[in-house]
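Peer 1: The structure is given below, and queries will be raised subsequently.
The values are calculated or read from the model by the stated rules, or taken from the named source; none is laboratory data. Note that the structure is predicted; figures quoted are calculated from it, not measured. FYI the Cβ positions are ideal-geometry reconstructions off the backbone, even for glycines, and counts take in every protein chain you see.
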Amino acid sequence: MAARQIRFCTDGWRAVIADDYTFENVRYCAQGWADYLRAHGLAELGCVVGYDTRSESEDFASAGSEVLAGNGIKALLCQRSEPTPVISFGIIYRKAAGGVTITASHNPTIYNGFNVRSECGGAIDTEVIAELEGRIAAAQALGASAVSRLPKDEGVRQGLIQLYDPATPYVEQIRELIDWQPIRDAGLKVVHDAMYGAGIGWFEGLLGGGKTQVIPMGSVRNPCFGGLAPEPIPRSLRPLFDAVRREGAMVGLATDGDSDRLGVCDEHGNIVDPLRVNSLLTLYVLEVRGFRGPIVKTLSTQVDARPSRPALRRPGRRDGGRVQVRRARDDGVGRADRRRGERRLRFPQPHPRARRHRRRAVHPRLHGEDGEDAVAARREPL
């Protein structure tokens, strides 16, 4: 029986665990990606491999790392489940050729995925997807003999599999951009629903240590996600809404399975949609932090700049129209420069040799599959 062809969507391949999503097919995907990197002269840059909290995700990640190592490509294997934005930052920080994340994001528990990231931490281009699918299909046609593997222990011994902690440099980066101590000392009460996913412990770690209290929900690993899809939308966040009202919290936050989507509710347990969240954050960095210059957004990021929604237009008028909303361009989101007196931030840059397979320039600290967490207008990783 011929193997079912593996097809990638925007970010990667997803399938039902133990049906199409098997160790065999994960290894075929890893072999196809390894063949691509070798064919384009990128193998020596290495590849970051991360995973979420789904069933056996760490084992699937190890299986993919073994294949990369078997092809002579260093696999930087995350030590624990990490949020997708942290993995994306880790790719840039290590100037790797790209990354692989074992996750099905916000999808139901029966799914897992093989997501491929570019050197910018974002999704690979459609042309790369087509080539990758062809290489995976070629490996499937040849069978197990097409897959080169190096056992994990041996890979570690040879230095081709390296346990990697992308969280530490990520935290250092955002602590350079945000003064967390006033937030810790403010005496706020925040409820965070990690939805049993990769965001477990992150808000507690960032906001804890002072008077501010973070009340965790869904903060233990549960591959069944409490019986719900780990998607921060209203029908899945009723327990969060109830907890915010019960605890008298100021805000409720929820992160999805791989922690690249954010749900927010106010102190009354009412949802605050992404359109308003992004607009409020944009207004904050303009009026409170004083940043000026173009606001760059990804195609799917929601930022309301209509005349009837003055959140973004008022600051622009007060500053002679210097605040503009622009779509993402290949010349860089968050480029490190200071022009016309505008305040800008300096970010790590990807390895220049890896840029041939990028999809588009993205925000190097906050990039999610749907773009909603990649809005460069934020200028800081909130």
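Peer 1: Residues to consider are R38, R27; find the one that is surrounded by fewer than 20 Cβ atoms within 10 Å (Cβ to Cβ) and either within 23 Å of S148 (Cβ to Cβ) or not assigned by TED's automatic domain parsing to the domain that holds Y164 (or both).
Peer 2: R38 is the lone residue from the list that is surrounded by fewer than 20 Cβ atoms within 10 Å (Cβ to Cβ) and either within 23 Å of S148 (Cβ to Cβ) or not assigned by TED's automatic domain parsing to the domain that holds Y164 (or both).
Peer 1: Considering only residues of the stretch 271-321 that are modelled with pLDDT of 85 or more and of a type in the set (V, I, T), which is farthest from T255 (Cα to Cα)?
Peer 2: So the residue we want is V288.
Peer 1: Continuing with this model, one more query. Which one of these does R184 not meet: (1) closer than 22 Å to R80 by Cα; (2) among the basic types (K, R); (3) not assigned by TED's automatic domain parsing to the domain that holds A104?
Peer 2: For R184, the failing item is (1).
Peer 1: Here's something else I'd like to know. Which residues, counting only those in the stretch 138-177, are on the phi > 0 side of the Ramachandran plot and in contact (Cβ under 8 Å) with a residue 24 or more places away in the chain?
Peer 2: The answer is G159, and nothing else.
Peer 1: In this structure, is R245 surrounded by fewer than 18 Cβ atoms within 10 Å (Cβ to Cβ), at pLDDT 95 or above and either out of contact with any Cys (no Cβ under 9 Å at 6 or more places or on another chain) or on the phi > 0 side of the Ramachandran plot (or both)?
Peer 2: Yes, satisfied.
Peer 1: Might you let me know whether the stretch 114-121 holds any residue that is crowded, with 16+ Cβ neighbours inside 10 Å and charged (D, E, K, R)?
Peer 2: Taking every residue of the stretch 114-121 in turn, at least one turns out to be crowded, with 16+ Cβ neighbours inside 10 Å and charged (D, E, K, R).
Peer 1: Let me ask you something else. Would you check if there is a residue in the stretch 9-30 being in contact with a strand residue (DSSP E or B) (Cβ under 8 Å, 6 or more places away or on another chain), at pLDDT below 95, in a loop (DSSP other than H, G, I, E, B) and not aliphatic (A, V, I, L, M)?
Peer 2: Yes, because at least one residue in the stretch 9-30 is in contact with a strand residue (DSSP E or B) (Cβ under 8 Å, 6 or more places away or on another chain), at pLDDT below 95, in a loop (DSSP other than H, G, I, E, B) and not aliphatic (A, V, I, L, M).
Peer 1: Sticking with this structure for a sec: Determine, yes or no, whether A229 is modelled with pLDDT of 95 or more and aliphatic (A, V, I, L, M).
Peer 2: no
Peer 1: Let me ask another. Would you say A249 is under 19 Å from the mean Cα position of the chain (by Cα) and either under 29 Å from G50 (Cα atoms) or not in a strand (DSSP E or B) (or both)?
Peer 2: Taking the combined requirement at face value, the residue does not satisfy it.
A quick yes/no check of all residues on (1) closer than 25 Å to A104 by Cα; (2) free of Cβ contacts under 8 Å to residues at least 12 places away in the same chain; (3) part of a strand (DSSP E or B):
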residue	(1), (2), (3)
G197	yes, no, no
N222	yes, no, no
P230	yes, no, no
R235	yes, yes, no
D242	no, no, no
R245	no, no, no
G263	yes, no, yes
H268	no, no, no
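Peer 1: Step by step: first the residues of the stretch 188-221, then only those that are surrounded by fewer than 16 Cβ atoms within 10 Å (Cβ to Cβ) and at pLDDT below 95, then the one that is farthest from V171 (Cα to Cα). Which residue is that?
Peer 2: G210
Peer 1: Still on this structure: Which of the residues that make up the stretch 146-183 are more than 22 Å from the chain's Cα centre (by Cα), part of a helix (DSSP H, G or I) and modelled with pLDDT of 95 or more?
Peer 2: Within the stretch 146-183, A146, K152, D153, E154, G155, V156, R157, Q158 meet the criteria.
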